[in-house]
Each structure stands twice: as C-alpha cells, then as structure tokens.
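J.: Have a look at the structure that comes next, please.
The values are calculated or read from the model by the stated rules, or taken from the named source; none is laboratory data. These numbers were taken from a predicted model, which means no experiment stands behind them. Heavy atoms of the whole protein, side chains included, go into the accessibility calculation; ligands, DNA and RNA do not. Shrake-Rupley method; radii C 1.70, N 1.55, O 1.52, S 1.80 Å.
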Amino acid sequence: MVDVKLVEKKIKSMFKDADYEVEETDKGLKVVLEGLGEDPAELFGKIGDLVSGLNKLTKTKNADIVASLQGMAYGVEIEVY
C-alpha cells in the first residue's frame, strides 16, 4: 500500500503550478500531470527524479512514461509497476 498523500506532496513540491492526479492501480501507481511554463530540459529532469522516487517508494522497477509538449503546455502520464 502506497501513501498517496506522500506522493502528492512530492509532486506539489516539484511541479508547483501543475494539475495532477495520483491513482493506485492493481499493478502499481499512475500519475497524470498537466501544466504550463516548464523548460523542456528541466521538465524531463524532474520527471526522471519523480519516476526514480516513485520506483523506490513502490518497490517497483518498471515505468511507462508518456510526455506531450505543445508550446508552453505539457502533459505527462507516468505508470510505475
């Protein structure tokens, strides 16, 4: 069992203005982020750090990541299992 509140706190600290959703699945954990104004290089660095932290927290090794950038907007879907 993963403490979803802990995951949400981490996301809030890393992605200050993003909308997010955290969901426990039968396989692991799914995180959806949407926001504006992130530099792509910084965004991908933050995503990597978040995935690493999620894998440690959930004791998983696999992750699927889908990232979409359009202008200053981004959407990210992460699933760790």
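J.: What are the ³J(HN,Hα) values, in whole Hz, obtained from phi via the Karplus relation 6.51 cos²θ - 1.76 cosθ + 1.60 with θ = phi - 60°, for each residue of the range 46-52 in sequence order, with x given for Gly and Pro?
T.: 5, 4, x, 5, 5, 4, 4
J.: Also: In Å², and per residue, what accessible area does the chain have when probed at 1.4 Å with the other protein chains present?
T.: Working: 5290 Å² over 81 residues.
That works out to 65 Å² for each residue.
J.: Which of the lysines could a cross-linker span from Lys56 if the Cα-Cα distance has to be under 19 Å and same-chain partners fewer than 8 positions apart are dropped?
T.: Lys5, Lys9, Lys10, Lys12, Lys27, Lys30, Lys46
J.: Leaving ligands, DNA and RNA out of it, report the carbon-plus-sulfur percent of the accessible area of the chain at a 1.4 Å probe. If you can, show how the numbers build up before the last one.
T.: Values: 2630 of 5290 Å².
Taking all protein chains in place, the chain shows 50 percent carbon and sulfur surface.
J.: Counting DSSP beta bridges with both partners in the chain, what percentage is antiparallel, nearest 5?
T.: Working: 22 of 22 bridges.
Roughly 100 percent of the beta bridges in the chain run antiparallel, per DSSP.
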